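Quick notes on the structure that follows.
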Amino acid sequence: MNSAELTSLMQSTGEASYRSQQLLEAIYRQRVGSVEEISTIPRELRSKLAETGFTVGLPRIENRFLSQDGTVRYLMAFADGQSVETVWMPEGDGGEAGDGSEAGEQAERFAEGVSSDQKKSQGQNPGRSTICISSQVGCAVDCQFCLTALLGVKRNLTAGEIVGQVCAVLKDQEVSPPEDRINLVFMGMGEPLLNYDNFVKAARLLVQEVGIAERRMTVSTAGIVPRIHDLGRELIRPKLAISLNASNDELRSRLMPLNKKWNLEMLLSAARAYPLRTREWVTFEYVLLGGVNDAVGNAQEVAALLQGIHCKVNLIALNPGPGIDFTTPEAGQVTLFQNTLRARGIPTFVRRPRGRDIYAACGQLKRTVEIAKAPAL
Ligand code: SAH
């Protein structure tokens, strides 16, 4: 619930409207686990809320997997037993903040007037931690290289379930924005723009109530063109990333069947028309599949497609998985692809894989759901 909804709930139950502010504070800032924990409101109101069937709380952390690189993959369960995965990357993934470079990070720290040493000495989280959240249980888009696709889509998450993942991770990691600098990416399981209303409501709650700045949030879409146009009109919205993944329609339709509905021309004209804010770019993600879309010729085609769009490209070498019939290209091929784009004036970065050993990297979110659902032996 947002502020307006909680205020009208308080009014309809005959409570003073300032109670809604106390509830918002308890839910989104203190991140309490139940109505009982809200000590700022009277006992009678707590019982009244409980009686009317309102629940306050966080998704249940069913499991945590810790990667050698510090990444944590959480399995989060909701009231109906469905679960999703949420990923904590203690030092970001190098692809979202600023221009993805160390220099960009230093520039940001400078702009904020705080050195990382100062932050460290204050015991705060100095870096650029990133939380990657899910928007649906499973996914309907069916990209051929992605493990989540193998699940199909089970259901949409509510705005509360989307925000709840963030609150649960913040609580578990004992960090709090804005003191701790937290980046957020809507890049977990699901296609956020196919759960548009809940995604937009969640983004507003995260900005207005949880306190994460808009410029620290990025939403990635496989290319739901009408919703890209809608997103451009939202007053509060994360930055936009588009999963391009191919350099021509024939290839993209093979890798991402949704390209048959919204082809490259429609997608790129939406990107061209997208209203950017100050210092904003559109990010294009490109998963490199060995021998499929990673040739210099593909890079040249990509450069031609993106001509005239204020954008950058994040390259992701395929993260492998069972049932995925593609291979990860050699590092040299990735560099060649990057250099080809750079030579044509497109800022291009290689996204460092995070948490591959625990199946937490891009396109790998699926495993624990299956394991958790498997019958006990
Ligand atoms: N559904 C949205 C949000 C997911 S973002 C979208 O498609 O954009 C996840 C990113 O990981 C996407 O850019 C996707 O193309 C990429 N990805 C999917 N499977 C991958 C894999 N096996 N290896 C590397 N990246 C992958």
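The values are calculated or read from the model by the stated rules, or taken from the named source; none is laboratory data. Small disclaimer: the values here were computed from a predicted structure and weren't measured. For neighbour counting, all protein chains shown are included, and Cβ atoms are generated from backbone atoms with ideal geometry for every residue, glycine included. Side chains are part of the model used for accessible areas, which takes the heavy atoms of the whole protein and leaves out ligands, DNA and RNA. Shrake-Rupley method; radii C 1.70, N 1.55, O 1.52, S 1.80 Å.
Per-residue SASA remark: THR55, around 120 Å² accessible (1.4 Å probe; ligands, DNA and RNA not included). Once backbone amide H atoms are built at 1.01 Å from N, THR130 has MET89, GLU91, GLY92, ASN183 as its partners under 5 Å, excluding neighbours fewer than 5 places away on the same chain. For the pair PHE54 and GLU25 in one chain, pulling the backbone fully straight at 0.36 nm per residue adds 8.8 nm over the alpha carbon distance.
Accessible area per residue for the chain, computed on protein heavy atoms with a 1.4 Å probe, is 43 Å². Let me know the longest stretch in the chain that avoids all trypsin sites (Lys or Arg not before Pro) found in a DSSP loop with at most 12 other C-beta atoms within 10 Å. Of all site-free stretches, the longest is 1-232.
Pick from ILE61, ILE324, ILE358: which residue has the top mean-square fluctuation in a GNM of the chain where Cα pairs under 10 Å get a spring? Answer for the Gaussian network model of the chain: ILE324.
Taking every alpha-carbon pair under 8 Å whose residues sit at least 6 apart, the chain reaches a relative contact order of 16 percent. Residues whose amide H lies under 5 Å from that of ALA317, counting only those 5 or more places away or on a different chain, are LEU288, ARG351; hydrogens are built 1.01 Å from N in the peptide plane. Within the accessible surface of the chain, defined with a 1.4 Å probe on protein heavy atoms only, the carbon and sulfur portion equals 51 percent.
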